[in-house]
Amino acid sequence: MWLENLERGLDRARLHPLWDRVGGALQEFWSLVFPTECVVCERADSSLCVDCAAVLRRATVRPFRAEHGAEGLPEAEGARTAAGAGYDVFSPLPVVAAGHYAKAVSAALLAFKNHGHTDIGRWLQAALAGALHEARSTLCGESAELVLVPVPTRGASVRRRGYDPLALLLGGLAKRRELPAGTTIATAVRLGYRPSSLLTLVSGGLSQKGLGSQGRRRNVSGSMEASPAILDTGFNRPCLIVDDVLTTGATISETARVLRAAGAVVVGAVVIAATPAPNGVGETTTAVVPGIREPPPSQPMEKNRRVGVNSNNG
Ligand SMILES: [Zn+2]
């Protein structure tokens, strides 16, 4: 237990600006005293060994369109206009994903989000940055200014983890000026209070884990509201919603509902990983760049497979 607390403390220290200067030496010392293992293959090494880092990079280097098969997504912006023009096809909000939620990607995401491995963040940041740049250039046309809106995280989760995973990833990219040109981050949407959420909060809270697509939709429907700051100023700007994992799209849909009600134009969403759609619809995702390569088979990862999909989002 004390070791776990110590590790968590160290992970928190990594977020401190001073870490960049002394962190490397400290980490080397730490790994000598307490050998750590790769979160994917469990080989005694760093949190992510060189081989698995390479697999992760290959699996997220070609962003692709992932909206088809995520049946909880809202309509694309302007879809109603198209319907008026005679089209009768539901056109979902475009989503750009860095990779598929499988193998190294899922293990790294889970370790980063739920097990304090914030040192894996830099690989996930690279994946997210690639997807953001892809979405910026393919979805947003010529709009000079684009607002990145992360889906909200529960305060209780942030307190338990000691950090907000999405904010940590986006904040790091902003600090290093690796966000696409003309983009700013705004926490424009937050979780609101609703009586029905009280029960789920008591029982562990608004987790989407284990819910089907309809359950997920019900679970998040009406759960969010606009931040007071944007209600005061209005928010009629083009937005990209940012989330870590796309499952059914229910969380993105709820975020889009709030943004659109506040006057925003939601041009799409960006995720690090997209889960395969039920009945394999996701297999036919539209590749933005043709030729997505499946990562080579990775090392055994039984430990992570047991954890399974554990996104708090949709
Ligand atoms: Zn490994």
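Here are the numbers for this structure:
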quantity	calculated
Within the range 119-138, backbone nitrogen closer than 18 Å to the virtual label 7 Å beyond the Cα of VAL61 toward Cβ	122-134
Modelled FRET efficiency - R0 25 Å, ARG176 with ALA156, Cβ distances, 0.05 increments	0.25
Cβ-based net charge around ALA129, under 13 Å, with every Lys or Arg adding one and every Asp or Glu removing one	+4
Packing-based exposure ordering (other Cβ within 10 Å, fewest first) of SER143, SER106	SER143, SER106
Extension gain from ARG260 to ALA54, taking 0.36 nm per residue of separation minus the Cα-Cα distance	70.3 nm
Cβ-based exposure ranking for THR36, THR184, THR248, in which fewest neighbours within 10 Å come first	THR184, THR36, THR248
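Every number here is computed from the coordinates shown, using simple stated rules; none is lab data. What you are looking at is a predicted structure, and each value in this text was computed from that prediction instead of being measured. Note that each Cβ is placed from the backbone with ideal geometry, even for glycine, and that neighbours are counted across all protein chains shown.
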